[in-house]
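The values are calculated or read from the model by the stated rules, or taken from the named source; none is laboratory data. Model, not experiment: these values are computed from the prediction. Using ideal geometry, Cβ is built from the backbone for each residue, glycine included, and neighbour counts are taken over all protein chains shown. For accessibility, only protein heavy atoms count, side chains too; no ligands or nucleic acids. Shrake-Rupley method; radii C 1.70, N 1.55, O 1.52, S 1.80 Å.
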Amino acid sequence: MTDTHIALAHGNGGRLMRELIDEVFARCLDSPSLDTRVDAAPVPGPADDCELCVSTDGFTVQPLEYPGGDIGSLAVHGTVNDLAVSGATPTVLTVNAFVEEGLEIALLERLVHSMGQAARSAGVAIVAGDTKVLRRGEGGGVYFATTGLGVRARASDLGPHRIEAGDVLLISGPVGDHGAAVMLAREQFGLRGDVRSDAASVLGLTQALLDLDGLRFMRDPTRGGLATVVHEITATSRHGARLRETDIPVREPVSSVCEMLGYDPYYLACEGRVLAVLSPADADVALERWHAIPGGEQARKIGVTTTESPRVILETAIGGERYLEELEDDPLPRIC
Amino acid sequence: MKRDSGELALSYLERIRSLELRSRTKVMNVCGGHERTITQAGLRNVLPDGVELIPGPGCPVCICPEEDIYHAIQIARQPRVILAAFGDMLRVPVNAPKREPRSLEQAKAAGADVRPIASPLEAKRLATESPDRDVVFFAAGFETTMAPVAAMLAEGVPANLWLLLSGRLTWPAVAMLLESGRPGFDALIAPGHVATVMGPEEWEFVSRDHALPTAIAGFEPASLLAATYAVLRQLVDGECRLVNCYPQAVRNGGNARARQILTRCFDIVAADWRGIGTIPASGFALNDHFAAHDARARESWMTDPAARKRAGEMPPGCDCARVVLGRIYPNECQLYGRACTPRHPIGPCMVSDEGACRVWWAGGIRESVTTERPAAKAV
Ligand code: SF4
């Protein structure tokens with residue numbers, strides 16, 4: 001591609017747009033099933049015992065690149081993970097890119113490369129896309145929206161309605177890494193630490209549990225973090241939940257950043273973790289399976305559902321208790 | 001919490017439980033960070049019944065005078081101004097006439113250029129990046145915040161960077177409580193971050209002049225329990241001194257360089273505290289060297305004294321002053337959880353992450369009590 005920066009004309013449907021699509025998106029995504037000339041992509045129809053699932057999400061994270069990931073891979077992982085936790089195997093993705101006038105094409109290339117890589121390693125094909133160019137000042141460099149299609153067994157019935165008191169809550173790895181990494185990259189806190197986003201596909205983790213009868217519900221704790229997901233579980237299942245602070249894995253650099261800035265790691269986003277609820281009978285098997293696959297080595301049982309009122313109680317390390325409440329607003333950096 | 005410090009915490013808890021306390025004991029903390037740890041770790045429900053932990057004047061946002069916030073709002077509405085403030089300052093409401101913005105957040109929504117920042121360096125960067133604008137940094141905070149502000153100033157300030165300084169020293173508020181003759185507490189847990197910067201010596205007066213056991217604590221439950229044990233033990237033994245339970249960070253003399261830079265940039269002056277009044281020698285003010293950057297001195301930005309006075313009136317029913325002084329627990333305020341919630345805060349204590357009301361609400365304490373102490377238990 002000859003240009004070095006995005007111009008408004010790259011969104012005009014003409015030659016420049018063609019170039020942008022072919023030389024950035026088609027080349028960098030490197031997906032054999034992507035035909036940039038068709039408007040609709042055929043999707044293999046499901047067999048009788050399967051159904052199609054669809055999920056869509058928009059991505060506006062700032063900054064565009066941060067330790068451990070970027071908006072390109074995030075746009076794939078976000079939608080892939082939404083399908084994965086609903087029990088589906090993602091097959092195809094579509095991508096919308098909203099690119100701001102003035103964005104450096106070299107940066108866009110890096111992001112789209114990383115998007116392509118993420119898609120390939122999750123085994124999902126990007127089959128269609130659209131590009132719009134926004135006027136300077138109207139977008140944060142680039143926004144992506146992805147829609148994914150997946151297939152799942154018709155018999156699968158996951159959801160909070162299946163949760164019973166006494167079920168076990170499992171988390172696949174340490175929480176808060178993504179939120180802490182993005183926050184550090186965004187603010188000039190003058191802090192440095194080994195904090196990296198955990199962004200990854202969770203497909204392997206979810207598929208490892210799908211054949212367990214006692215699997216009730218899975219969710220990836222993104223915005224609002226672990227606390228928000230467990231809060232949702234109690235609100236929809238009408239059961240209480242008790243978590244044990246000493247069992248919830250939080251990486252040391254993440255907890256020091258949180259301590260310094262006054263954030264609670266349980267409310268910070270993860271982008272590569274799964275929270276699963278299982279019957280006590282199947283929880284141990286699930287944990288063993290997770291421990292055996294990459295990304296699940298640090299999985300833990302973190303708590304149980306109870307017959308108490310539908311609130312989330314955290315049992316603290318010293319034997320105290322506190323409620324984990326819904327987030328009131330975006331956490332603000334503390335002042336001293 | 002780290003696992004090994006969890007065990008340490010439990011061992012201090014055992015030691016506290018084995019003490020034979022003769023009467024109800026009230027231990028005050030003066031740091032929003034301490035109150036957060038106490039509430040989040042659920043310390044209150046594991047301590048023996050006779051021990052009360054009381055949040056005191058430990059939130060810089062809560063004690064920042066309404067007049068200063070009103071001033072900041074008025075400056076933000078001036079043409080060509082960018083007003084930068086720490087995030088939790090934006091939502092603090094003041095008493096302003098109808099149709100006028102009552103918080104910096106509302107001023108921002110009405111078109112003022114208000115930027116939430118997290119460090120003083122961001123204010124400087126804003127000024128450097130926008131040479132044609134006046135960037136006004138509304139800097140409210142305790143010693144721990146004023147030290148980085150001073151460091152930023154000492155390195156040289158762009159001509160278009162102004163400061164609306166509302167910095168406070170922590171210990172004078174405690175001194176004022178003690179001298180009031182009715183302190184309302186039997187022992188003190190002194191703030192670890194402040195002592196790291198200013199040195200533990202600042203807190204010696206509490207035990208020396210007022211005969212109250214004092215301990216400096218860090219921010220892990222283990223450190224707070226160590227400090228609680230240290231003061232309770234002294235009460236049992238009839239002793240009274242200052243104990244440093246945060247030796248990893250707090251050294252004699254504090255951070256000499258930070259203190260030196262503070263002295264180079266600021267004078268110590270009498271200052272107003274929201275809901276409390278004027279406390280002598282308790283505020284930081286820009287010294288003559290930085291007079292050209294003092295937003296308070298710029299005539300076209302001065303506010304009408306009558307409007308300032310009105311802004312300074314506390315909303316009816318708001319008990320922030322008594323909460324800040326440790327006279328009542330947050331949920332003893334009539335408005336707690338009813339008219340006043342984080343979504344619709346009436347007082348500053350419900351806004352800031354350091355504010356006792358916000359900390360208690362975030363810790364899940366929903367029931368409000370208007371009876372006598374100790375009615376408050378976290379769960
Ligand atoms: S509940 Fe609201 S009004 Fe009452 S003391 Fe707390 S912040 Fe102030």
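Here are some notes:
- Number of residues in the range B:171-208 that are hydroxyl-bearing (Ser, Thr, Tyr) and out of contact with any Ser or Thr (no Cβ under 9 Å at 6 or more places or on another chain) equals 1.
- Against the criterion of being within 14 Å of chain A (Cβ to nearest Cβ) and modelled with pLDDT of 95 or more, B:Leu83 does not qualify.
- The range B:144-188, residues that are closer than 23 Å to B:Gln234 by Cβ and open to solvent by less than 20 Å² (accessible area, probe 1.4 Å): B:Thr170, B:Ala173, B:Val174, B:Ala175, B:Leu177, B:Leu178, B:Phe185, B:Ala187, B:Leu188
- B:Trp301 fulfils the conditions (1) within 12 Å of the ligand (Cβ to nearest atom); (2) at pLDDT 90 or above; (3) buried (at least 17 other Cβ atoms within 10 Å of the Cβ) except for a single criterion, (1).
- Those helices (runs of 4 or more DSSP H) lying entirely in the range A:191-309 with at least 3 residues touching a Phe, Trp or Tyr at 6+ places or on another chain (Cβ under 9 Å) and away from every other protein chain (no Cβ under 14 Å): A:225-237
- Among the criteria (1) away from chain A (no Cβ under 13 Å); (2) away from the ligand (no atom under 11 Å from the Cβ); (3) in contact with a helix residue (DSSP H, G or I) (Cβ under 6 Å, 6 or more places away or on another chain), the one B:Gly275 does not fulfil is (2).
- Of the strands (runs of 3 or more DSSP E) entirely within the range B:1-98, those holding at least 1 residues that are open to solvent by 50 Å² or more (accessible area, probe 1.4 Å) occupy B:25-29.
- Exactly one residue out of B:Arg310, B:Arg343 is surrounded by fewer than 18 Cβ atoms within 10 Å (Cβ to Cβ), within 14 Å of chain A (Cβ to nearest Cβ) and either within 9 Å of the ligand (Cβ to nearest atom) or at pLDDT below 90 (or both): that is B:Arg343.
- Residue within the range B:224-234 that is under 25 Å from A:Leu261 (Cβ atoms), open to solvent by 20 Å² or more (accessible area, probe 1.4 Å) and in the same structural domain as B:Gly32 (by TED's automatic domain parsing) present: no
- Residue count for the range B:235-258, restricted to those that are open to solvent by 40 Å² or more (accessible area, probe 1.4 Å), part of a helix (DSSP H, G or I) and either at positive phi or in contact with an Asp or Glu (Cβ under 8 Å, 6 or more places away or on another chain) (or both): 1
- Residues of the range B:346-375 that are at pLDDT below 90 and in contact with a Cys (Cβ under 6 Å, 6 or more places away or on another chain): B:Ser352, B:Glu354.
- Those residues of the range B:322-340 which are open to solvent by 20 Å² or more (accessible area, probe 1.4 Å) and either within 8 Å of the ligand (Cβ to nearest atom) or assigned by TED's automatic domain parsing to the domain that holds B:Phe142 (or both), in sequence order: B:Arg322, B:Gln334, B:Leu335, B:Gly337, B:Ala339
- Within the range B:346-358, the set of residues being more than 8 Å from the ligand (Cβ to nearest atom) and open to solvent by 10 Å² or more (accessible area, probe 1.4 Å) comprises B:Asp353 only.
- Number of positions in the range B:17-65 that are touching a helix residue (DSSP H, G or I) at 6+ places or on another chain (Cβ under 6 Å) and among the basic types (Lys, Arg): 1
- Selected residue (only one of B:Ala175, B:Ala190 is farther than 19 Å from B:Ile69 by Cβ, in a helix (DSSP H, G or I) and not assigned by TED's automatic domain parsing to the domain that holds B:Pro79): B:Ala175
- The range B:193-206 - residue that is open to solvent by less than 30 Å² (accessible area, probe 1.4 Å) and not in a loop (DSSP other than H, G, I, E, B) and, of those, farthest from B:Phe266 (Cα to Cα): B:Val206
- Across the range B:92-126, the number of residues qualifying as among the basic types (Lys, Arg) and modelled with pLDDT under 90 comes to 2.
- Boolean, B:Asp304 is farther than 21 Å from B:His71 by Cβ and acidic (Asp, Glu): no
- Among residues of the range B:207-223, those that are surrounded by fewer than 23 Cβ atoms within 10 Å (Cβ to Cβ) and of a type in the set (Gly, Ala, Ser), counted: 2
- Taken over the range B:146-164, residues that are touching a residue at least 24 places away in the same chain (Cβ under 8 Å), within 14 Å of another protein chain (Cβ to nearest Cβ) and farther than 17 Å from B:Gly199 by Cβ amount to 4.
- Qualifying residue in the range B:283-292 (condition: more than 20 Å from B:Ile63 (Cβ to Cβ), within 14 Å of chain A (Cβ to nearest Cβ) and either free of Cβ contacts under 8 Å to residues at least 24 places away in the same chain or more than 8 Å from the ligand (Cβ to nearest atom) (or both)): no
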